[in-house]
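Read the structure below first, then the notes.
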Amino acid sequence: MLEFQLPWVFYCLPIPLLAYWLLPRAKQQQTAVRVPFYHSLDAIEQQHSQKNQQRPLKMASLILSWLLLLTAAAQPTWIGDPIHLPTEGRDLMLAVDLSESMRMEDMQAGDDLVNRLVAVKAVINDFVDRRAGDRIGLILFGSQAYVQAPLTFDRETVKRFMTESQIGFAGPATAIGDAIGLAVKRLRKRPGDKHVVILLTDGANTAGEVQPLAAAKFAAKHNISIYTIGVGADQLTTPGFFGSSFGSRTINPSKDLDEDTLQKIAALTGGKYFRAKNPQQLLEIYRLVDELEPTEDDAKTFRPSMHLFYWPLAAALIISFITALLQLPWALWFNRNRTAQEPS
């Protein structure tokens with residue numbers, strides 16, 4: 001949307017006309033001039049005729065230049081669409097397990113079973129969409145932990161990184177302690193006191209240099225809350241011979257999940273532990289986290305603006321420059337010679 005910052009400038013539009021009407025005309029004193037060469041009178045008359053022909057063009061250029069100068073002085077500005085910026089929000093770090101055990105297909109999605117990571121991706125992306133106002137980061141961990149997305153307001157980037165993640169990217173094992181330690185390292189120096197880690201895993205700590213409980217105590221020291229989520233079904237029936245029930249058996253695919261450690265991590269840091277046995281429970285858990293750690297409602301509205309005054313100003317200068325060139329003696333001489341060369 002185009003706006004003028006100083007619209008009152010346009011009240012100056014009739015000033016040249018008022019000056020023309022109200023100010024006294026300049027007095028010109030004419031003296032007799034002796035003309036020794038009568039044949040030069042014809043050239044002088046042609047020059048005067050050309051000036052009369054250029055007068056409407058000169059007047060139009062002056063009027064246009066005045067309008068452009070007023071437009072530039074009024075400071076035209078293009079105002080963009082409003083952008084809402086949060087005044088305050090949580091620093092929230094997601095830590096997601098990419099170990100080989102996440103390949104287990106025990107999550108019921110409709111009539112199909114999908115692996116744990118597929119279910120986690122769908123739910124996390126929906127959760128990230130609802131965290132407007134928070135800075136969100138993403139840590140992926142397996143045998144090692146690494147920051148895939150630093151803390152950012154750009155939720156689309158976080159979702160894309162989560163969608164592109166694959167099992168085994170960080171190794172086959174599970175370094176829960178390293179993931180917590182890396183999250184604390186990223187959050188401890190952040191301003192404010194609203195720092196949250198959501199850690200999702202389907203196993204126990206089997207790799208890394210930092211023990212999970214030691215990392216949790218370090219997080220508690222820096223007022224970082226950790227919500228832990230244990231993902232995976234607790235019962236899965238394997239098919240029997242040729243897909244029949246004969247020879248089928250029921251197993252616990254989450255027997256390696258260390259719920260005790262995850263509960264202690266949450267208790268030490270003031271968070272909570274949740275158990276997600278299917279995508280629906282996982283979705284409800286993230287909705288509950290939304291209630292426990294709500295986003296901020298207050299936001300500032302920013303409208304990007306771009307000043308455009310230099311465009312009419314440049315146009316006025318160009319028109320004035322061309323008009324001045326046409327008034328120079330060499331321009332008149334050129335026009336006179338061109339007229340003389342034209343066949344009569």
(request) Could you tell me whether segment 152-169 includes any residue that is crowded, with 21+ Cβ neighbours inside 10 Å, out of contact with any helix residue (DSSP H, G or I) (no Cβ under 6 Å at 6 or more places or on another chain) and at pLDDT 90 or above? (result) no
(message) Which condition from (1) touching a residue at least 24 places away in the same chain (Cβ under 8 Å); (2) outside any strand (DSSP E or B); (3) of a type outside the set (Val, Ile, Thr); (4) in contact with a Leu (Cβ under 6 Å, 6 or more places away or on another chain) is the one that LYS159 breaks?
(response) (4)
(request) Considering each of GLY192, GLY137, GLY181 in turn, give the residue that is touching a Ser or Thr at 6+ places or on another chain (Cβ under 8 Å) and not hydroxyl-bearing (Ser, Thr, Tyr). (result) GLY137
(message) Condition first: assigned to a loop (DSSP other than H, G, I, E, B) and crowded, with 17+ Cβ neighbours inside 10 Å. Can you find one or more residues in segment 107-129 that meet it?
(response) no
(request) Hey, can you tell me all the residues within segment 184-204 that are closer than 14 Å to THR269 by Cα, out of contact with any Phe, Trp or Tyr (no Cβ under 9 Å at 6 or more places or on another chain) and of a type in the set (Lys, Arg)? (result) LYS194
(message) Looking at segment 93-108, can you tell me whether even one residue there is modelled with pLDDT under 85 and of a type in the set (Lys, Arg)?
(response) no
(message) With the condition being surrounded by 12 or more Cβ atoms within 10 Å (Cβ to Cβ), hydrophobic (A, V, I, L, M, F, W, C) and at pLDDT 60 or above, I'd like the helices (runs of 4 or more DSSP H) fully within segment 267-344 carrying at least 3 qualifying residues.
(response) 279-292, 310-326
(message) Being farther than 20 Å from PRO150 by Cβ and among the hydroxyl-bearing types (Ser, Thr, Tyr) is the filter here; which residues of segment 161-219 pass it?
(response) THR174, THR201, THR206
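The values are calculated or read from the model by the stated rules, or taken from the named source; none is laboratory data. Everything quoted here is computed from the prediction, not taken from an experiment. Cβ atoms come from the backbone with ideal geometry, glycine included; neighbour counts cover every protein chain shown.
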